[in-house]
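A quick write-up on the structure given underneath.
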Amino acid sequence: MITQRRARHTLSLDRQLAQAVAASKAPAISRAVAILRLLGERDSPLGVHSIAKVLGLAPSTCLYLLRALVAEELVSFDRDTKRYAQEAGVLTIAQQWLRRNHFTELAQPLMDQIGQSFGVTVAGMRIVGLQHIVVVAVSRSNSSIRLSMQIGSRFPALISATGRCVAAFGGHPEGDVETRFKALRWDKPPTFQAWRSQVERTRALGFALDEENYMAGLTVLAAPVWTRGKLSHALVVIGPSGALRRSGLPKLQKSLLDSARILTTQLGGDATSG
C-alpha cells in the first residue's frame, strides 16, 4: 500500500513540475529548477528522454539544460549508463540557508522524543505561503511501519493536517484557499464545507487532525510553529490509525502541541498565536 501511495505521490509531483514549467514566465530558469527537483525526487538516475517526457520538454532543450547543470556541478552524468543524477554541488547553494535555519536543530530532539515515545514518523515542515510545504526535518521511529519521507520533499500547502493549519492560521483570502483546495488529491476527499469545519476546529484546538482523508489507513496530526509572529513551520506526525488510537491519541496530541509551543518560543514567536 505504501508503495502505491509513493507511486501516486510521484505522479502528482511530475504533474506539478510539468505545469510549473508550462506556466513559467522565465522558462530557462523554471526548466533547470524542474530538472533539479525531478532528479532530487527520484531514487535512481534518469536518462535525458525520461526527463524530457516528464517535464514536457524537447529532448534537445533538455540536453542543453542538463549539460549546463553538469558544468555547474549541480548534476552528474554517468557516461556508461547515459543517465543523470543530482550532484553534491546543490549543497553549496543550500549552505547559507542551512546555517541560519535554527528550526531543524531545535526541532530534531523534540521530534525524536515524540517518534520514540509513540512509534510514529515525525516531520518538520517549512510552510511557503499557499504554494508548498517542504520537509526540512524527519524523525523515524523503530516501528515496523516506516513511511518514505525525504528531506526536501514538497507537498501542496493545503494538503492533509498541515494544510488545515495553513488555512486556519495563515491569514490567506478565502477565495484563494478554495481555489487551491479544489486542486488537491486525496485518498478520501472531504467536501469543502466539511474541510472548512475541520479548519475551524483546528483554529479552536490549536492543532489539526487528518483521519484517513489524505492517505487511507493513516492518521496525520499537525501543530503550527510561528517565527516572529508569522506561521513558518509545522510539526507533523504520521502513523497507522489503529496503532495511534491504541497508543493514546490524546497523549500524542498534547505532546505534539507542547513541542510546537516550545519551538515557537525558541524561534522568537508568540506561544499564544492562533
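The values are calculated or read from the model by the stated rules, or taken from the named source; none is laboratory data. Note that the structure is a prediction, hence the values are computed from the model and not measured. Neighbour counts are summed over all protein chains in view; Cβ atoms, including those assigned to glycine, are modelled from backbone coordinates with ideal geometry.
The helices (runs of 4 or more DSSP H) falling completely within region 117-224 that include 3 or more residues that are within 19 Å of the chain's Cα centre (by Cα), crowded, with 23+ Cβ neighbours inside 10 Å and in contact (Cβ under 8 Å) with a residue 24 or more places away in the chain map to 160-169.
In region 52-75, what residues are in contact with a strand residue (DSSP E or B) (Cβ under 7 Å, 6 or more places away or on another chain) and part of a helix (DSSP H, G or I)? Selection gives Leu66, Leu69, Val70.
Within region 178-199, the only residue that satisfies the criterion of being modelled with pLDDT under 95 and within 20 Å of His233 (Cβ to Cβ) is Arg180. When Ser259, Ser232 are checked against the criterion of being in a helix (DSSP H, G or I), in contact (Cβ under 8 Å) with a residue 60 or more places away in the chain, crowded, with 18+ Cβ neighbours inside 10 Å and not hydrophobic (A, V, I, L, M, F, W, C), a single residue qualifies: Ser259. Filtered by the rule that a residue be under 27 Å from Ile151 (Cβ atoms) and either within 26 Å of the chain's Cα centre (by Cα) or touching a residue at least 24 places away in the same chain (Cβ under 8 Å) (or both), region 58-72 gives Cys62, Leu65, Leu66, Ala68, Leu69.
Checking the stated criteria, Leu267 turns out to be touching a strand residue (DSSP E or B) at 6+ places or on another chain (Cβ under 6 Å) and surrounded by fewer than 23 Cβ atoms within 10 Å (Cβ to Cβ).
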